[in-house]
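Report on one structure; see the data block that follows.
The values are calculated or read from the model by the stated rules, or taken from the named source; none is laboratory data. Bear in mind the structure is a predicted one, so any value in this text is a computation, not a measurement. Using ideal geometry, Cβ is built from the backbone for each residue, glycine included, and neighbour counts are taken over all protein chains shown.
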Amino acid sequence: MAERRLRVGILGATGAVGQRFVQLLEHHPWFEITALAASSRSAGQTYGEATRWILNTPLPEALADRVVLPADPEALAGTCDIIFSALPASRAREVEPRFAAAGFPVFSNASALRMEPDVPLVIPEVNPDHLALVRVQQKRRGWSGYVVTNPNCSTIHLVSALKPLHDAFGLEAVIVTTLQALSGAGYPGVPSLDIIDNLIPYIRNEEEKIETESRKLLGRYTGDGVEFADIRLSAAVHRVPVTDGHTEAVVVKLKRRATLAEVKEAFRTFRGVPQELGLPTAPDPAIIVREEVDRPQPRLDRDAGGGMATTVGRVRPDPIFDYKFVLLGHNTIRGAAGASILNAELALKTGYLD
Ligand SMILES: NC(=O)c1ccc[n+]([C@@H]2O[C@H](COP(=O)([O-])OP(=O)(O)OC[C@H]3O[C@@H](n4cnc5c(N)ncnc54)[C@H](OP(=O)(O)O)[C@@H]3O)[C@@H](O)[C@H]2O)c1
């Protein structure tokens with residue numbers, strides 16, 4: 001593909017999602033990590049000193065001695081071609097526009113700009129055409145760079161599973177109940193004494209994010225914005241003592257009648273642009289359907305498709321709505337860093353990184 005690999009800077013490189021970026025990009029065929037940035041607490045230390053590494057593969061040796069930079073466009077000028085951001089939302093709101101104004105394409109995990117009308121919120125299998133919004137954004141804001149966002153970690157797996165149903169039968173209403181992993185709260189996250197032998201039925205702003213982001217993702221690109229999908233959606237979220245992998249129980253009401261076999265077939269045969277283009281990080285299949293009565297489960301299914309696939313199981317009729325099922329996906333791979341990387345692969349392959 002690219003003759004030389006594009007040079008990549010990671011903002012928030014020391015955190016839970018930042019470490020996933022480092023892990024997933026270590027051997028990437030198109031991208032090469034050339035800059036690592038974090039807060040003033042870490043800047044000036046080496047990446048090895050500043051990072052409490054929490055993944056089960058070693059911190060890449062070649063990066064251990066790199067000096068961590070402040071998350072500032074002046075500090076990263078000349079060091080990289082594109083930016084992946086894993087900053088806290090409060091910081092991202094101020095920093096990401098400055099990077100875009102300085103000419104960097106920014107692929108962000110943060111929620112700060114996701115719902116801005118001229119900022120694309122993209123899952124490449126679901127709404128690759130929304131990427132064109134970056135041209136609207138650049139024109140409106142006078143930026144030579146741009147910001148592309150990926151959704152919240154629960155939304156991304158939910159909408160990946162809803163997309164084939166929406167395309168085939170139309171969605172009228174959706175109720176989702178999530179059981180979300182601890183790594184979704186970053187590091188160190190929820191205190192152990194709050195979560196061992198327990199469950200917390202609240203995650204700040206999460207229900208609102210799932211309900212609004214889903215309607216933007218399944219919406220229609222109009223040429224200068226996105227018309228949100230007209231779907232009623234209700235989310236109830238819970239933090240559970242699982243390290244990685246969000247589980248979601250979903251009930252759907254369809255616009256057109258469908259048999260159980262047709263619903264399963266829609267999941268099974270679903271292919272998106274990343275699968276057609278053979279993007280390096282794309283899972284194939286994007287959706288895995290399990291027939292066992294007790295799957296999916298976080299420990300057994302979160303790494304399906306290299307952590308990039310969504311696993312669906314227990315697909316069955318619902319006595320109140322039409323169908324119900326359980327889905328599961330990795331929250332820091334497909335739910336975060338892997339999602340941004342796939343967005344950047346799509347951008348590169350479709351001419352937005354020339
Ligand atoms: N965890 C998930 O599953 C998940 C999923 C989807 C989206 N997200 C989003 O991804 C982002 C990162 O989440 P996370 O779980 O990785 O959080 P985290 O573990 O708390 O890491 C935060 C990172 O941001 C850096 N940072 C904090 N304050 C900063 C500041 N003022 N200036 C510059 N850098 C600063 C930290 O650097 P220091 O080490 O120097 O403090 C660290 O590298 C958040 O916006 C989150 O909502 C997370």
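Just a few scattered comments:
- Filter result for residue 92 (within 13 Å of the ligand (Cβ to nearest atom) and part of a loop (DSSP other than H, G, I, E, B)): no
- Restricting 255, 264, 163 to residues that are touching a residue at least 12 places away in the same chain (Cβ under 8 Å) and more than 18 Å from residue 326 (Cα to Cα) narrows the list to 255.
- Test: residue in the range 130-140 that is touching a residue at least 40 places away in the same chain (Cβ under 8 Å) and within 14 Å of the ligand (Cβ to nearest atom): no
- Residue match in the range 67-86 (condition: assigned to a strand (DSSP E or B) and in contact with a His (Cβ under 9 Å, 6 or more places away or on another chain)): no
- Here residue 57 does not fit the description of being in a loop (DSSP other than H, G, I, E, B), buried (at least 17 other Cβ atoms within 10 Å of the Cβ) and of a type in the set (Ser, Thr, Tyr).
- Residue within the range 302-315 that is in contact with a Phe, Trp or Tyr (Cβ under 6 Å, 6 or more places away or on another chain), at pLDDT 95 or above, assigned to a strand (DSSP E or B) and surrounded by 22 or more Cβ atoms within 10 Å (Cβ to Cβ) present: yes
- Within the set 20, 52, 41, 7, the sole residue that is touching a strand residue (DSSP E or B) at 6+ places or on another chain (Cβ under 6 Å), charged (D, E, K, R) and either in a loop (DSSP other than H, G, I, E, B) or more than 7 Å from the ligand (Cβ to nearest atom) (or both) turns out to be 7.
- Long-range neighbours under 9 Å by Cβ, at least six apart or interchain, first residue closer than 16 Å to residue 148 by Cβ and in contact (Cβ under 8 Å) with a residue 24 or more places away in the chain within the range 90-104, second in a helix (DSSP H, G or I) and more than 15 Å from the ligand (Cβ to nearest atom): 97/141; 100/137; 100/138; 100/141; 101/141
- Test: residue in the range 78-101 that is buried (at least 24 other Cβ atoms within 10 Å of the Cβ) and within 20 Å of residue 311 (Cα to Cα): no
- Residue within the range 97-116 that is touching a strand residue (DSSP E or B) at 6+ places or on another chain (Cβ under 7 Å), outside the structural domain of residue 323 (by TED's automatic domain parsing), more than 16 Å from the ligand (Cβ to nearest atom) and not aromatic (Phe, Trp, Tyr) present: yes
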